[in-house]
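Just so you know, all these numbers are worked out from the coordinates, no wet-lab data involved. In this text, all values refer to a predicted model and were calculated from it rather than measured experimentally. Cβ: placed from backbone, ideal geometry, glycine included. Neighbour counts: every protein chain shown.
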Amino acid sequence: MAGINRQIQLVELPKGKLSPTHFTLAEAPIPSVSEGEVLLKTILISLDAANRAWMQGATYRDALESGQVMAGGGLAEVIESKAEGFAVGDLVFADTGWQEYIALPAKNLNSVPRLEPLSYLISVYGIAGLTAYFGLLEVGQPKAGETIVVSAAAGSVGSIVGQIAKLKGCRVVGIAGGAEKCKWLVDELGFDAAVDYKNEPVHKALKAACPEGIDVYFDNVGGEMLDAAILNMNEKGRLIISGAVSEYNKAEPRGIRNTLNFITHRLRMEGLVVYDYFKRFPEAQAEMAGWISTGRLKFTEDISEGIEGAPAAFIGLFEGENHGRRLIKVS
Ligand SMILES: NC(=O)c1ccc[n+]([C@@H]2O[C@H](COP(=O)([O-])OP(=O)(O)OC[C@H]3O[C@@H](n4cnc5c(N)ncnc54)[C@H](OP(=O)(O)O)[C@@H]3O)[C@@H](O)[C@H]2O)c1
C-alpha cells in the first residue's frame, strides 16, 4: 500500500531526565506485507511508564536503541492480510511502536474481540488492569481485613489495585501526588485513606494512615517510598514490585535501603512481569468486566489525539500530569 507512515523515533537515549529533544517525528513509507504477515493500522497507543525503563537497558525485552521507532503497545486494525486466520478488520493488541502502520508476522499476534469503548481493550483490559489484577491477587495474596498500600495510586495500575483490594475486603491506603488526587481516591474510588507524598513526609504519614501496619505493599514507584513502606510492614508482609517510576529518570537509581527489616519481619518481596500470566488474561478480563458492569470497578482514561503529541504526553507521566491511563488516539 502506498502512503506515508508517520512515526516517533528515538534520537538518542536519555542519560537522566527525559526531554522532548530525545524524540523526533519522522516519515517513512507504509511497509509492504510479506507472506505470513499482516499490515496493521494503529488505532490507539498506550503510554506506559514502563516504556521508560526500556531506555535504561535490557529488561524483559532488548534495550531500546537510538534511531529506532519508539517502542510501545498499541491497539491496531488489520488492513491487509497475507496470513491464515487474520482478516481485514480484525483487531489486535501488538507491539506497534509509536507509529501509524506496521507489518508484523501474524504468528506472534492474537486478535481481540471488538467491544465498546475500544480504548478499554488497551487500558483496563490491557496491561494496566492485568498488572494490577495479577500483581495484587497472585503475587500479593491479600486476605480480607489486611491493610494494603499502593503507590502511584491515582495512576492506571494503582487505581485498579486499590479497588480490587477493596473488593477483596481489605483496608486500602493509596499514595499519590497532590491533594486533588488524594481526595479522588477516597471520595470516588472508596480508598480508606490517602497519603500525599508531595506535601507530607511519607514514612510518618504512612504510619499514621496504617496504625496496624502494612500487610501488602504494591510498589509502582521504588525509591524513598519503597523504603518508607518497608519500615511500616507487618511480620510476613508481602511487597509486590511492579515498577519504579521515581527511578526511571535518574542516571543513578537509589537502590533499596532498610533491608534489615526483611530479616526481623520475615518479609517477602517479589517482582512481576505481567506477560507471564498471558494465558490467563481472558480469565482476568472476564472478572474485571463483571466488576465494571456492576459499577464496582471504575476506570479513568486520559486520551489525547495525534501521534505527534506522544513524547510530551509520555514525559508528563513522570510529572504526574495524567489522571488514569494515558493513551494516544492515532486514527
Ligand atoms: N511489572 C509489570 O509487568 C508492569 C506492567 C505495566 C506497568 N508497570 C509499572 O506500573 C507502574 C505504573 O505505570 P502506569 O503506566 O500505570 O503509570 P501511571 O501510574 O498511570 O502514571 C505514572 C504515575 O506515577 C507517578 N509518579 C511519577 N513520577 C513519580 C515520582 N518521581 N515519585 C512518585 N510517583 C511518581 C505519577 O502520579 P503522582 O501524581 O501520584 O505522582 C504518575 O501519574 C510503573 O512503575 C510501571 O513501570 C509494571
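For the range 24-31, the Karplus equation 6.51 cos²θ - 1.76 cosθ + 1.60, evaluated at θ = phi - 60°, returns couplings of 9, 8, 10, 10, 9, x, 4, x Hz by residue, with Gly and Pro reported as x. Per-residue Cβ neighbour counts within 10 Å put Ser34, Ser123, Ser111, Ser242 in the sequence Ser34, Ser111, Ser123, Ser242, beginning with the fewest.
Only Cα pairs under 8 Å and 6+ residues apart enter the sum, and on that basis the relative contact order of the range 59-212 stands at 13 percent.
Fewest neighbouring Cβ atoms within 10 Å first, the residues Lys143, Lys279 line up as Lys279, Lys143.
The three principal axes of the C-alpha atoms in the range 1-143 carry coordinate ranges of 52, 38, 25 Å, sorted with the longest axis first. If you wrap the tightest convex hull around every Cα atom of the chain and split its volume per residue, you get 127 Å³. Remark: relative contact order (the range 4-106) = 35 percent; criterion is Cα-Cα distance under 8 angstrom and separation of 6 or more residues. Cross-link partners for Lys166 among the lysines, with Cα-Cα distance under 28 Å and sequence neighbours closer than 8 places in the same chain left out: Lys143, Lys181, Lys183, Lys198, Lys204, Lys207, Lys236, Lys279, Lys298. By other beta-carbon atoms within 10 Å, ranking Lys168, Lys17 with the fewest at the front produces Lys17, Lys168. Taking every alpha-carbon pair in the range 127-201 and binning the separations at 10 Å intervals from zero gives 23, 55, 22, 1 percent.
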